[in-house]
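Q: Just dropping this structure here.
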Amino acid sequence: MKLLHIYSLIGFVVVGCTFTRPIPETSSIIDASLLNKVDTILATTIVKYKATSGKVIIMETATGYIRAMVGLERKDTLSPFQPTTDFCTPYPTEQRQVATLLAALETGRVSLSDTVDVGEGIYISDSDTIKDHNWHRGGYGKITVEWAIAASSRIGEVLIRERAFDDNKSEYEAAIGQIGYGKPDSVKGLECIPSTNMATSKIAPIQLIAFYNAIANHGCMVQPQLYKDSVAIISPQIASKANIDSIRQALERTAAEGLGKRANTNKAKVAGKGGTIQIGNPDDLTYIMDFCGYFPADNPQYTILVVLKKQGLPASGHIHAAEVFRQIVDSMN
């Protein structure tokens, strides 16, 4: 099975978005050991949970260098694995919740300590019925904005968006774009062109990890790199430092106390968030689960995205995808 390369870097110092020394010509090297570990972890998880596909991207936070990119898929639970290199096709995800909060924080109309009332977990917005994962247990009621993210409340995201942007969808979409959600437009070496679909909450895996990586990188968004090259900066600061710090606080709490606790490991402090989306018709329910985060949370070195797809329940990004994230972090420490 031919998989994409992993890179390691030596001999340079990074301060924020400024590189004080150039990347030397001899810095690129394939880390076959890490690649094999990720491949094994992903394959084992797919078999364990009877998933049909899985993808993992590991990015070096400061540089955007892709250290591992693994994709496996099969037609059904009995089919052999086939490699996939498609990391550009948009997929539905709940991860836009994080972008919504950051965009809302940037308006100054929302703060982490504000409260939102998600009621009993069922909410009508523009004729759409939105349900939180715990609606059958009575919902969360009044919660802080920070906990709305930690609890992955879909209703919380809608209320945060409405408070910051009212019903002005064009202002909201512009604000989302301004913080870099949906970037980059291309990645050298990929066999596809990344794209997003805001109307359906879809984003390409390579774009999602670039966004999370910018949060881990204190607001500096760097271009994902598949091959040795100079570091390219997409945006030196996607949002104010204070608001980036707030997002990092929310993601740390998500992993420490919220739904993301399955990503925790005693090897390193982590931050991140998962999500679960149901697709398909009632007779053939398919779930897409993901978890994106970084470690060590206080001084991020790597950002990791895990995406799994399976038919039927149980299915949870905060359980199944987070488990893969945790195992990868353990393998790297």
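Q: Contact list please: Cβ distance under 8 Å, first residue in the range 246-266 and more than 15 Å from Thr303 (Cα to Cα), second residue small (Gly, Ala, Ser) and open to solvent by 30 Å² or more (accessible area, probe 1.4 Å), pairs at least six apart or on different chains.
A: That search, which allows pairs on different chains as well, returns Ser246/Ser111.
Q: Output the residues belonging to the range 283-306 that are assigned to a loop (DSSP other than H, G, I, E, B) and free of Cβ contacts under 8 Å to residues at least 60 places away in the same chain.
A: Residues satisfying the conditions are Asp283, Asp284, Leu285, Pro296, Ala297, Asp298, Asn299.
Q: Go through the residues of the range 63-79 one by one and say whether even a single one is open to solvent by less than 50 Å² (accessible area, probe 1.4 Å) and of a type in the set (Asp, Glu).
A: No, because not a single residue in the range 63-79 is open to solvent by less than 50 Å² (accessible area, probe 1.4 Å) and of a type in the set (Asp, Glu).
Q: Counting just the residues of the range 192-219 that are of a type in the set (Val, Ile, Thr) and surrounded by fewer than 17 Cβ atoms within 10 Å (Cβ to Cβ), which one comes out farthest from the chain's Cα centre (by Cα)?
A: The qualifying residue farthest from the chain's Cα centre (by Cα) is Ile193.
Q: What is the one condition in (1) closer than 14 Å to Arg326 by Cβ; (2) over 17 Å from the mean Cα position of the chain (by Cα) that Arg262 does not satisfy?
A: It is condition (2) that Arg262 fails.
Q: Going through the range 262-275 one residue at a time, which ones are surrounded by fewer than 24 Cβ atoms within 10 Å (Cβ to Cβ) and either assigned to a strand (DSSP E or B) or touching a Lys or Arg at 6+ places or on another chain (Cβ under 6 Å) (or both)?
A: Within the range 262-275, Thr265, Ala268 meet the criteria.
Q: Take Tyr140 and decide whether it is part of a strand (DSSP E or B), among the aromatic types (Phe, Trp, Tyr) and farther than 20 Å from Asp290 by Cα.
A: no
Q: Pull out all pairs, ordered by first then second residue, where Cβ-Cβ is under 7 Å, the residues are six or more apart or on different chains, the first lies in the range 27-46 and is over 17 Å from Leu72 (Cβ atoms), and the second is at pLDDT below 95 and open to solvent by 50 Å² or more (accessible area, probe 1.4 Å).
A: Ser27/Ile10; Ser27/Lys228; Ser28/Lys228; Ile30/His5
Q: Also: Out of all the residues in the range 108-129, which are surrounded by 18 or more Cβ atoms within 10 Å (Cβ to Cβ) and either at pLDDT 95 or above or not hydroxyl-bearing (Ser, Thr, Tyr) (or both)?
A: Correct list: Val110, Leu112, Val116, Val118, Gly121.
Q: List pairs: first residue in the range 117-138 and over 15 Å from Glu162 (Cβ atoms) and in contact (Cβ under 8 Å) with a residue 12 or more places away in the chain, second residue open to solvent by 80 Å² or more (accessible area, probe 1.4 Å) and aromatic (Phe, Trp, Tyr) anywhere in the structure, Cβ distance under 9 angstrom, at least six positions apart or on different chains.
A: Glu120/Trp135; Gly121/Trp135; Ile122/Trp135
Q: Report every pair of residues separated by at least 6 positions or lying on different chains whose Cβ atoms are under 9 Å apart, first residue within the range 101-113 and within 14 Å of Ile238 (Cβ to Cβ) and touching a residue at least 40 places away in the same chain (Cβ under 8 Å), second of a type in the set (Asp, Glu) and open to solvent by 10 Å² or more (accessible area, probe 1.4 Å).
A: Leu101/Glu146; Leu101/Glu157
Q: Determine if the range 77-92 includes at least one residue that is within 27 Å of Ala174 (Cα to Cα) and of a type in the set (Phe, Trp, Tyr).
A: Yes, the range 77-92 contains at least one residue that is within 27 Å of Ala174 (Cα to Cα) and of a type in the set (Phe, Trp, Tyr).
Q: A further question follows. Only one of these is touching a helix residue (DSSP H, G or I) at 6+ places or on another chain (Cβ under 7 Å), aliphatic (A, V, I, L, M) and either at pLDDT below 95 or within 17 Å of Val98 (Cα to Cα) (or both): Val231, Val306. Name it.
A: Residue meeting the stated conditions: Val306.
Q: If a residue must be surrounded by 16 or more Cβ atoms within 10 Å (Cβ to Cβ), part of a loop (DSSP other than H, G, I, E, B) and touching a Ser or Thr at 6+ places or on another chain (Cβ under 8 Å), how many such residues does the range 220-253 contain?
A: 3
Q: Please determine whether any residue of the range 315-323 is among the aliphatic types (A, V, I, L, M), open to solvent by 30 Å² or more (accessible area, probe 1.4 Å) and in a loop (DSSP other than H, G, I, E, B).
A: Scanning the range 315-323 turns up no residue that is among the aliphatic types (A, V, I, L, M), open to solvent by 30 Å² or more (accessible area, probe 1.4 Å) and in a loop (DSSP other than H, G, I, E, B).
The values are calculated or read from the model by the stated rules, or taken from the named source; none is laboratory data. This is a predicted model, so every value here is computed, not measured. We place every Cβ from the backbone using ideal geometry, glycine too, and count neighbours over all the protein chains shown. For the accessible areas, the whole protein counts, side chains as well, though only heavy atoms, and no ligand, DNA or RNA atoms are used. Shrake-Rupley method; radii C 1.70, N 1.55, O 1.52, S 1.80 Å.
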